[in-house]
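A.B. asks: This structure is in structure tokens; I'll ask about it shortly.
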Amino acid sequence: MLPEGRTLRATREDAFRRKAERLLARAGVAIDGPNDWDFQVRDPRVFQRVFAQGSLGLGEAYMDGWWDARRLDQFFHRVIAARLDRDIRPLSVLSTYLKARLLNLQTQARAWQVGRAHYDLGNDLYRAMLDRRMVYSCGYWSEGARTLDEAQEAKLDLVCRKLALQPGQRVLDIGCGWGGFARFAAERYGVRVVGVTISERQLEMARERCAGLPVELHLRDYRDLDGEFDRIVSIGMFEHVGHKNHRAYFEVARRVLRPDGLFLLHTIGDEISNAGTDPWIERYIFPNGDIPSLAQIAGAVEDLFVIEDVHNFGADYDRTLMAWLENFERAWNGLRARYDERFRRMWRFYLCSCAGAFRARQLQVYQLVLSPGGVPCGYRRTGT
């Protein structure tokens, strides 16, 4: 018999709330507590939704305004550092992980989906959020950079120095984005750049930004690449390749790279060898995403490349993401005519959840320098 005045629904909500309280306490997070990272309930149905749908339910409930946290990044840092995300894996989202593990979700036909869904959202959004060079990857804050512009320039220069770029060299940029690296390398190091992207909106702006420079930019999948290059760079694109295509990706890179060339791969890395990505990120941000582990990369380059150098500066992504969030929130009044409040909450959830994951060191940022047959007398990393 239910207590007087209680409904079955209210009793169920109380049970889920108590379960959530016990779980969140392990991360030092309270429900309706006074701290910036505490979980503020706006709709009591939120707990059942989260336990039924995991991260997908958590994200959608936030988008719907069912809960808040004054500092969403701090909430995620605590939850992820306590590994609470591993304790909520409902059967309802199991199909997402199984599909990513068993199927090739990043075939050539499907490769364009992320371009349309994410990178083509609107150049106004990315122009407002990113640095002046529009570099959509982790900045390098380890050289005294104080601003996002300085951190991204430091990263681009780091890449150029690791590749030992020389005037006149032909450089392939796989996943050229809005042309930030291509323009920087052409202007500062005098190289000729060929870049490819699967985003029409990126290509449109990249061509404008690189006009007058020795830069060719194309709408093309990496599997269609040809020619010969002295250097290859790929910054923040490998997360879209997928574990079933890692080997093919590196085979393409090996085929078009000169025997004495170098290849720099910059990618987010997972701490474990998984398949696929978080279900909420998969649905709302990066369809068909697949963050690689270092072990997966190493296995895929066997007999193709020598791994000359590995550099992890994943902690810098936390600061980069928070800078993007600050820019996004500052620019919101100018963006709201095109994007609604639910989009704003979705984008905030995306940036803060990722910042929390990097702050908790669950995700990494790797830069690997690869050579086809080994650098004679050894590779020497410069200026890091």
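A.B. asks: Taking the range 156-176 as the search range and keeping residues that are closer than 14 Å to GLY236 by Cβ and free of Cβ contacts under 8 Å to residues at least 60 places away in the same chain, which one is surrounded by the most Cβ atoms within 10 Å (Cβ to Cβ)?
C.D. replies: CYS176
A.B. asks: Name the pairs whose Cβ atoms lie under 7 Å apart, with the first residue in the range 54-69 and closer than 18 Å to ARG83 by Cβ, the second not in a helix (DSSP H, G or I), and 6 or more positions between them or separate chains?
C.D. replies: GLY54/ILE88; GLY54/ARG89; GLY54/PRO90; SER55/ASP278
A.B. asks: For GLU143, work out the one condition from (1) at pLDDT below 95; (2) part of a helix (DSSP H, G or I) it doesn't fulfil.
C.D. replies: Exception for GLU143: condition (2).
A.B. asks: Something else about it: Yes or no: ALA206 small (Gly, Ala, Ser), buried (at least 21 other Cβ atoms within 10 Å of the Cβ) and in contact (Cβ under 8 Å) with a residue 60 or more places away in the chain?
C.D. replies: Numbers: small (Gly, Ala, Ser): yes; buried (at least 21 other Cβ atoms within 10 Å of the Cβ): yes; in contact (Cβ under 8 Å) with a residue 60 or more places away in the chain: no.
No, not satisfied.
A.B. asks: Output the residue which, of all residues in the range 88-133 that are charged (D, E, K, R) and either in a loop (DSSP other than H, G, I, E, B) or touching a strand residue (DSSP E or B) at 6+ places or on another chain (Cβ under 6 Å) (or both), is nearest to ASP224 (Cα to Cα).
C.D. replies: Only one residue fits best here, namely ARG110.
A.B. asks: Exactly one condition in (1) touching a Cys at 6+ places or on another chain (Cβ under 8 Å); (2) in a helix (DSSP H, G or I) is not met by ARG207; state its number.
C.D. replies: (1)
A.B. asks: For residues in the range 1-49 being outside any helix (DSSP H, G or I) and acidic (Asp, Glu), which is modelled with the lowest pLDDT?
C.D. replies: Among residues in the range 1-49 that are outside any helix (DSSP H, G or I) and acidic (Asp, Glu), the one modelled with the lowest pLDDT is GLU4.
Yes/no matrix, rows are residues, columns are (1) in contact (Cβ under 8 Å) with a residue 12 or more places away in the chain; (2) more than 14 Å from ARG201 (Cα to Cα); (3) buried (at least 20 other Cβ atoms within 10 Å of the Cβ):
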{"residue": "GLN108", "(1), (2), (3)": "yes, yes, no"}
{"residue": "ALA111", "(1), (2), (3)": "yes, yes, no"}
{"residue": "ASP120", "(1), (2), (3)": "yes, no, no"}
{"residue": "LEU130", "(1), (2), (3)": "yes, yes, yes"}
{"residue": "TYR140", "(1), (2), (3)": "yes, yes, yes"}
{"residue": "ALA145", "(1), (2), (3)": "no, yes, no"}
{"residue": "LEU148", "(1), (2), (3)": "yes, yes, yes"}
{"residue": "ALA154", "(1), (2), (3)": "yes, yes, no"}
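A.B. asks: Does the range 184-204 hold any residues that are of a type in the set (D, E, K, R) and touching a strand residue (DSSP E or B) at 6+ places or on another chain (Cβ under 7 Å), and which are they? Full working, then the answer.
C.D. replies: As a first pass, look at the range 184-204 and keep what is of a type in the set (D, E, K, R): 187-188, 192, 200-201, 204.
Of everything in the range 184-204, those that are of a type in the set (D, E, K, R) and touching a strand residue (DSSP E or B) at 6+ places or on another chain (Cβ under 7 Å) turn out to be ARG192, GLU200.
The rows are residues; the columns are (1) modelled with pLDDT of 95 or more; (2) surrounded by fewer than 17 Cβ atoms within 10 Å (Cβ to Cβ).
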site	(1), (2)
ARG344	yes, yes
LEU351	yes, no
GLN367	yes, no
LEU370	yes, no
ARG381	no, yes
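A.B. asks: Same structure, new question: Give the residue, chosen from GLY289, GLY261, that is crowded, with 20+ Cβ neighbours inside 10 Å, assigned to a loop (DSSP other than H, G, I, E, B) and in contact (Cβ under 8 Å) with a residue 60 or more places away in the chain. Write out each step before concluding.
C.D. replies: Details: GLY261 fails: assigned to a loop (DSSP other than H, G, I, E, B).
After applying the criteria, what remains is GLY289.
A.B. asks: Just checking, does the range 232-239 include any residue being of a type in the set (Gly, Ala, Ser) and more than 13 Å from the chain's Cα centre (by Cα)?
C.D. replies: Yes, the conditions are met somewhere in the range 232-239.
A.B. asks: Could we say that LEU321 is in contact with a Pro (Cβ under 7 Å, 6 or more places away or on another chain) and either crowded, with 20+ Cβ neighbours inside 10 Å or within 25 Å of ILE88 (Cα to Cα) (or both) here? Give the derivation first.
C.D. replies: On the way: in contact with a Pro (Cβ under 7 Å, 6 or more places away or on another chain): no; either crowded, with 20+ Cβ neighbours inside 10 Å or within 25 Å of ILE88 (Cα to Cα) (or both): yes.
Spelling it out, it is not the case that LEU321 is in contact with a Pro (Cβ under 7 Å, 6 or more places away or on another chain) and either crowded, with 20+ Cβ neighbours inside 10 Å or within 25 Å of ILE88 (Cα to Cα) (or both).
The values are calculated or read from the model by the stated rules, or taken from the named source; none is laboratory data. Predicted model, so just to flag it, every value in this text is computed and none were measured. Using ideal geometry, Cβ is built from the backbone for each residue, glycine included, and neighbour counts are taken over all protein chains shown.
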